[in-house]
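Beneath this line is the structure, given in structure tokens, with notes to follow.
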Amino acid sequence: MAGIGVKLNRIYHKNTITTDVIGFFYSIVVTIAPVLVVIINLMLMQQVLKFNTVRYIDRELFSCTVLYVFIFSLLTTSPFNAVLSRYMSDVIFEERYEDVQPCHRVGLLVNLCFSCLFAIPFCFWEHLVGGVAIYYVFTGYCCFVSLVIVFYNMLYLSICKEYRLISLYFLIGMVTAFLLAVFLRYVCKVSITYSMLLGLTVGFFFTAVLEWAKIHQFFPDNNEEYGRVLAYFRKYWQLILINALYTLGLFIHNFVFWGTDMAMHLVRTFVCNQPYDMATCLAMFTNISASVIFISRVEMHFHDRYRAYADAVFGGRGIDIRNTRERMFRQLGSELMTLVRLQFMVSIFMYLIFVIFLPGRGYAGAVMRIYPMVAAGYFILFLMYAEIIFLYYFEDLNGALITAISFCAATFAASLIAVHLNSIFYGTGIWVGAMVGFAVAYRRLRWMETNLDEHMFCRGNIMKQAKGIKPSPKVFDLREQKKSEASLEFEERETKEGETKK
């Protein structure tokens, strides 16, 4: 996120309505524009290619394929990207740019191996048991791998603050996907669903290639020190678990409802729950603006307070450290409350829009009964994630890990209970999980406020940690000291006697 605040401060400096609108759209470009571009492209494809004329089984097969591609690409890439992000940040801070290429290659290999570990068996099952054509299965697999690479490369461009390039590459990729799908359908007479799937695959692959080329343009040197990257996985293992559990918590309530009687089983391979999944999608869009608000506010206000405190720690007086710490935590509380107020107004507005207009578009019944509770859960969820980011600022990985574990476990347990409730309360699982995670993170931040000095100043070691024979814990021997003192006195006495005789 670093670097957005400078640009936003320049935009908002004039304090006019026009600059406020420009700042809001700039925040969208650097945060959620890629998601919006993909969604708009899918909607245009369905409209132009007349997706509604396709057989029901083919429509659902395409929808489930795209759903699985997005969900499981996020699940398989999230565990390692946080550690790689930390390594990249340290490398850039130390200006060791030749270490970026080894990091990129090791991370890509780890991500692809881990992702394919789940994807390949699933694809065999889809073809052999589900009876789906091999070319369709292979295209879906390529789409999944391409999106994994896209998400992975986004990490490096984000650290380089090239947010607009990310959005531009997604736009180029999705325009390519749309044009290719139209060409395949109306020129090559390919089926509608396969034209859309192949178009998406090529679009994601094109986006990944553009990102790859830009990364290698930024960092052309390679010192081939791959062991340093692997050491970070051992050193910051908490980051792997935090990201994995948080991302799993985002979807684990969906997985629970996939095991109910409401679930739809397609070609003996795919499982989904259309009403609940659609309600979850709407809830996420209702609250996704929280990411824009949070990043804008933190970069414009909190980051300066945090930097002032860090400068005081490294070269200030005790009173400077205390004052900057108090101002930093006051700003932290203010940012959380501002996020709550602004996001609450946005969520209410989006909720009214969805309730009024979506029933006329065919989204009614079970979807709209499930939606309110799930939307309330995602509202709290994004607040909880803001607290996790603040814990990252203070390098409290244990606190963030406890939060992620609490959130994921509570969501899973509450969802198991929610499946037996009325459909209005199906979203209780994500709501309870987000509440538990929010409470744990808030309590941890309060603890950090009280014990920040100990956390900052009492974390080092007097002796450098290393492998080998453990040194003796004895630092002083009273007997040996007395013997040495007696020996010294004897020698002095002998010396004096000798001098007297002379």
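The values are calculated or read from the model by the stated rules, or taken from the named source; none is laboratory data. As the structure is a prediction and not an experimental result, all values here were calculated from the model. Don't worry about glycine lacking a Cβ; one is built from the backbone with ideal geometry, like all the others, and counts go over all protein chains shown. The accessibility values were calculated without ligands, DNA or RNA, using every heavy atom of the protein model including side chains. Shrake-Rupley method; radii C 1.70, N 1.55, O 1.52, S 1.80 Å.
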For the subset of the range 79-116 comprising residues that are in a helix (DSSP H, G or I) and without any contact (Cβ under 8 Å) to a residue 24 or more places away in the chain, which member is least open to solvent (accessible area, probe 1.4 Å)?
Val91
When the range 117-142 is examined, which residues are found to be open to solvent by 20 Å² or more (accessible area, probe 1.4 Å), touching a residue at least 24 places away in the same chain (Cβ under 8 Å) and under 15 Å from Leu67 (Cα atoms)?
Phe122, Cys142
I'd like the full set of residues that are open to solvent by less than 60 Å² (accessible area, probe 1.4 Å) and either of a type in the set (Lys, Arg) or not in a helix (DSSP H, G or I) (or both), limited to the range 306-359.
Gly316, Arg325
By residue number, the members of the range 411-429 that are aliphatic (A, V, I, L, M) and assigned to a helix (DSSP H, G or I) are Ala413, Ala414, Leu416, Ile417, Ala418, Ile424
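Conditions tested, residue by residue: (1) modelled with pLDDT of 70 or more; (2) polar (S, T, N, Q); (3) crowded, with 21+ Cβ neighbours inside 10 Å.
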| position | (1), (2), (3) |
| --- | --- |
| Met262 | yes, no, no |
| Leu266 | yes, no, no |
| Asn273 | yes, yes, yes |
| Met278 | yes, no, no |
| Phe285 | yes, no, no |
| Ala290 | no, no, yes |
| Ser296 | no, yes, yes |
Could you please give the count of residues in the range 392-407 that are within 16 Å of the chain's Cα centre (by Cα) and crowded, with 22+ Cβ neighbours inside 10 Å?
4
So which of Ile149, Ile166, Ile159 ends up being more than 26 Å from Cys123 (Cβ to Cβ) and in contact with an Asp or Glu (Cβ under 9 Å, 6 or more places away or on another chain)?
Ile166
Would you confirm, using the coordinates I've provided, whether Leu452 is touching a helix residue (DSSP H, G or I) at 6+ places or on another chain (Cβ under 9 Å), assigned to a helix (DSSP H, G or I) and modelled with pLDDT under 80?
yes
Just one listed residue, out of Val190, Val145, Val175, is over 30 Å from Phe93 (Cβ atoms), surrounded by fewer than 23 Cβ atoms within 10 Å (Cβ to Cβ) and either at pLDDT 95 or above or in contact with a helix residue (DSSP H, G or I) (Cβ under 6 Å, 6 or more places away or on another chain) (or both), and it is Val190
Given the conditions (1) surrounded by fewer than 17 Cβ atoms within 10 Å (Cβ to Cβ); (2) under 20 Å from Leu67 (Cα atoms), and given that Thr201 satisfies all but one, which numbered condition is not satisfied?
(1)
